[in-house]
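Participant: Below you'll find the structure I mean.
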Amino acid sequence: MTSPEPQSPAPQPPEPESKDRVHRSAPAIAGGVLLLAITGWLGIDAIVSGEGRTPWLALAVLLLVVPLVIAFTLRPAVYVGEDRLRIRNPFRIVVVPWGQVASLRSSYSNEVLTESGAKYQLWAVPVSLRARKKAARREMRATAQARREMGRDEGRGGALGMRAVEGGLGREPISQGPARAETDRIMDELRGLHEARHEAESARGEVTVRWAYEVLAPAVAGAVLVLILVALG
C-alpha cells in the first residue's frame with residue numbers, strides 16, 4: 001500500500017490593508033453644496049434666457065467659479081495612515097511620511113511642519129474659535145458639577161466619586177476628561193500617531209507635492225475667457 005501524499009497547507013488569505021482615516025469639514029461641504037446650487041441656478045438661467053454675449057459670459061464665469069468653489073469646500077481632506085499623512089488642499093496634494101513630520105501646530109490654523117522647515121496648512125481641519133469656547137464652557141460646567149459631587153460625597157462621609165448603582169456601590173467617574181473641540185481632538189490624534197510612528201522604518205521617505213492641475217486649468221481658462229469677453233464689451 002502506498003502512503004497518501006502529504007497535502008500542502010491551504011494558502012492563507014492576505015491580511016486586509018488598513019485603510020486611511022479621512023477627516024473632512026462638514027460645514028465646508030454643506031456650504032460648498034449650497035454655493036454650487038446657487039451658482040448653477042443663476043448661471044444656467046443666464047445661459048438659457050440671456051441675450052448677446054451674456055450666455056457666453058455666464059458660461060465663462062461658471063468655468064471660473066465652479067472649480068474654485070469645489071477646491072475650497074468639497075476638495076480639502078486629510079488622509080491619516082499608519083506610515084504617512086496625505087493632505088489634499090485646494091490646489092495641492094501633499095504626502096508627508098511620519099518620519100518627516102517635525103510637529104503639528106494649532107493656532108489660528110492647523111499646520112504640519114516638516115523636518116526641512118516647510119509648512120502645510122490642513123484646510124480640512126479648520127480651527128473653530130467658537131467650538132473652542134463652547135468646549136471651554138462645557139469643561140467649566142463639568143468642573144463645577146464635579147466639585148458639587150465631591151462636596152456631597154464628603155458630606156455623607158462616602159468615598160470620592162462613589163455612587164449607589166442598582167442596590168450596590170459602583171465607581172462612576174465624575175468627569176470624562178477635559179472637553180475639547182472636534183478639530184482639537186483630531187489634532188491630538190495626529191500628534192499621538194506621530195509620536196508612535198515617527199521612528200518606524202516604514203514611515204520614512206520624502207515629502208511629495210503635486211499641484212492640482214484639474215482645478216487650476218479650468219479656473220485659469222475661465223478667468224481668461226471672462227477677461228476676453230469683458231474687454232470685447
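The values are calculated or read from the model by the stated rules, or taken from the named source; none is laboratory data. Because the structure is predicted, anything quoted here is derived from the model rather than measured. So basically every Cβ, Gly included, is an ideal-geometry build from the backbone, and we count neighbours across all protein chains shown. The accessibility values were calculated without ligands, DNA or RNA, using every heavy atom of the protein model including side chains. Shrake-Rupley method; radii C 1.70, N 1.55, O 1.52, S 1.80 Å.
Listed here are the residues, each with its yes/no results for (1) surrounded by 16 or more Cβ atoms within 10 Å (Cβ to Cβ); (2) modelled with pLDDT of 90 or more.
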{"position": "Thr143", "(1), (2)": "no, no"}
{"position": "Gly161", "(1), (2)": "no, no"}
{"position": "Arg171", "(1), (2)": "no, no"}
{"position": "Ser175", "(1), (2)": "no, no"}
{"position": "Glu206", "(1), (2)": "no, yes"}
{"position": "Val209", "(1), (2)": "no, yes"}
{"position": "Ala217", "(1), (2)": "no, yes"}
{"position": "Gly222", "(1), (2)": "yes, yes"}
{"position": "Ile228", "(1), (2)": "no, yes"}
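Participant: Continuing with the same structure: With the requirement that a residue be assigned to a strand (DSSP E or B) and among the hydroxyl-bearing types (Ser, Thr, Tyr), what does the stretch 73-101 give you?
Facilitator: If the condition is that a residue be assigned to a strand (DSSP E or B) and among the hydroxyl-bearing types (Ser, Thr, Tyr), then Tyr79 is the only one that fits.
Participant: Let me ask something else. Going by the structure shown, is Glu189 in a helix (DSSP H, G or I) and either at pLDDT 90 or above or hydroxyl-bearing (Ser, Thr, Tyr) (or both)?
Facilitator: yes
Participant: Go over the candidates Pro97, Pro55, Pro27 one by one and state the one that is more than 21 Å from Gly222 (Cβ to Cβ), free of Cβ contacts under 8 Å to residues at least 12 places away in the same chain and not hydrophobic (A, V, I, L, M, F, W, C).
Facilitator: Pro27
Participant: Name, by its number, the condition in (1) open to solvent by 30 Å² or more (accessible area, probe 1.4 Å); (2) over 25 Å from Ser103 (Cβ atoms) that does not hold for Glu189.
Facilitator: The single condition Glu189 does not satisfy is (2).
Participant: With respect to Ser49, is the statement that it is open to solvent by 30 Å² or more (accessible area, probe 1.4 Å), hydroxyl-bearing (Ser, Thr, Tyr) and farther than 25 Å from Thr208 by Cβ true?
Facilitator: So Ser49 passes the test.
Participant: Give me the residue from the stretch 52-83 that is in contact with a Phe, Trp or Tyr (Cβ under 8 Å, 6 or more places away or on another chain) and open to solvent by less than 70 Å² (accessible area, probe 1.4 Å) and, out of that set, nearest to Arg204 (Cα to Cα).
Facilitator: Looking at the filtered set, the residue picked out is Asp83.
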